[in-house]
1. In the set Leu85, Leu77, Leu72, which member is assigned to a helix (DSSP H, G or I), over 18 Å from Met1 (Cβ atoms), at pLDDT below 85 and among the aliphatic types (A, V, I, L, M)?
2. For residues that are under 13 Å from Thr73 (Cα atoms) and not polar (S, T, N, Q), tally how many sit in the stretch 9-43.
3. Contact list please: Cβ distance under 8 Å, first residue in the stretch 27-50 and in contact (Cβ under 8 Å) with a residue 12 or more places away in the chain, second residue of a type in the set (Lys, Arg), pairs at least six apart or on different chains.
4. Give me a count of the residues in the stretch 89-108 that are closer than 24 Å to His147 by Cα, over 19 Å from the mean Cα position of the chain (by Cα) and modelled with pLDDT of 75 or more.
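The values are calculated or read from the model by the stated rules, or taken from the named source; none is laboratory data. This one's a predicted model, so the numbers in the text were calculated from it and none came from an experiment. Backbone-built Cβ (ideal geometry, glycine too); neighbour counts: all protein chains shown.
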Amino acid sequence: MLRQLLPIVKVKMLRTVYFAHFYSKISYDIIFWGSSSSMRNVYIIQKRAIRITPNPGPRISCREGFKKVDILTVPYLYIYALMLLPVKNLNIYQTNTSVHGMNTREQNKLHIPSVRLSSIQRGVYYPSVKIFDQLTQNIFKFHYNKHTRKTFLRDYLVKNAFYSSNEFLSAGHSDPDI
């Protein structure tokens, strides 16, 4: 559909069509299906759609295309949804201080529960804690409002267009631009 609209409309309109037809379907309940193996197939389809918009060519990486069009990759949509879960529902999570009461460096981070089943580790709660704890606490010192936190997190993820959640977890997030 985007390829048929390319000669008729401008890139801004193609972006709007992308959000109407692709993004709405991709982002629906991504927090539950984002860790499945089918995410790779959806990501390939998303890259095909992005290749139409800025037209980088078939062999060139789409990383800059995602930044140019200001669209989150499918893995980052999953990470963003997992980040927003603690932001929206901070009352259901425990901090390290509430668990052991010791004054440590990581006392304000969320407590990662010890679980032995991999099915729980692939669920929603466990990865949301791991991803949320990767962020610096400066986000919460300077961004008091939930809306400004969401906007900051989205802009941060668009600026650093990683291709997988493992790439995000292995990168250092000690001092993002606030």
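1. Numbers: Leu77 fails: at pLDDT below 85; Leu72 fails: assigned to a helix (DSSP H, G or I).
Result: Leu85 is the single residue among Leu85, Leu77, Leu72 that is assigned to a helix (DSSP H, G or I), over 18 Å from Met1 (Cβ atoms), at pLDDT below 85 and among the aliphatic types (A, V, I, L, M).
2. Quick first cut of the stretch 9-43, residues under 13 Å from Thr73 (Cα atoms) only: 18-19, 22-23, 26-27, 30, 34, 39-43.
Filter once more, keeping what is not polar (S, T, N, Q): 18-19, 22-23, 26, 30, 34, 39-40, 42-43.
Residues that pass the stated criteria total 11.
3. Correct list of pairs: Ser35/Arg122.
4. Within the stretch 89-108, the subset closer than 24 Å to His147 by Cα is 89-95, 108.
Filter again for over 19 Å from the mean Cα position of the chain (by Cα), leaving 91-95, 108.
From the residues that got through so far, the ones that are modelled with pLDDT of 75 or more too are 91-95.
Selection size over the stretch 89-108: 5.
Yes or no, residue by residue, for (1) acidic (Asp, Glu); (2) at pLDDT 65 or above; (3) buried (at least 17 other Cβ atoms within 10 Å of the Cβ):
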position	(1), (2), (3)
Val124	no, yes, no
Pro127	no, yes, yes
Leu135	no, yes, yes
Asn138	no, no, no
Lys141	no, no, no
Thr148	no, yes, no
Asp155	yes, yes, no
Lys159	no, yes, no
Ser164	no, yes, yes
